[in-house]
């Protein structure tokens, strides 16, 4: 039910407390008797307007705040991961080897069709093993914003190392809605 916000002085509030019947009538504040006591202060009250007392289905004209999307959810091969099901996680781990871990993620955007951030992950170059990888800056992209299991989320995430000539490829990612890799290995 919409409410009209009014501001009244301290004296009017005391008058309302003393004569409750007058408060609900909508009588002008000049008709209320002044009181003595502390200096007037402003009190904000909510008073139903005449238009709102006739129906309980009126709307306020405001919209409910949109819930921020999460980064996927704990599912499938990522069910033991970290950061999934969270809003703007600072740590993402798919539960695999160190190449599946991104730490210190700072998101530059969140809530739009694509979210981007930077973090640190284990880079393993050509002819290297995971054991010889190095911790390096990485770019993280969360994308495919939509509904999964009744929740608004980024349903895909990928990270890459631009300093090594890598670019974002939306056809290779972790499907963090179903808990699978795309394409499957």
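None of the figures in this text is laboratory data; all of them are computed from the coordinates on show. If you're wondering where the values come from, they're calculated on a predicted model, not measured in any experiment. So basically every Cβ, Gly included, is an ideal-geometry build from the backbone, and we count neighbours across all protein chains shown.
What FRET efficiency would be calculated for the residue pair residue 151, residue 90, taking the C-beta separation as r and a Förster radius of 25 Å, to the nearest 0.05?
Working: r = 20 Å, r/R0 = 0.80.
It comes to 0.80.
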Test of understanding: extend the Cα→C-beta vector of residue 128 to 7 Å, then name every residue of the range 145-170 with backbone N under 14 Å from that spot.
160-166
Taking each pair of distinct Cα atoms in the range 70-182 once, what is the resulting Kirkwood hydrodynamic radius in Å?
13.9 Å
The relative contact order of the range 70-182, taking Cα pairs under 8 Å that sit 6 or more residues apart, comes to a percentage of 23 percent
Put a dot 7 Å past each Cα toward the Cβ at residue 114 and residue 135; how far apart are the dots in nm?
2.9 nm
Peptides 117-123, 173-179 ordered by average Cβ neighbours within 10 Å, highest first:
173-179, 117-123
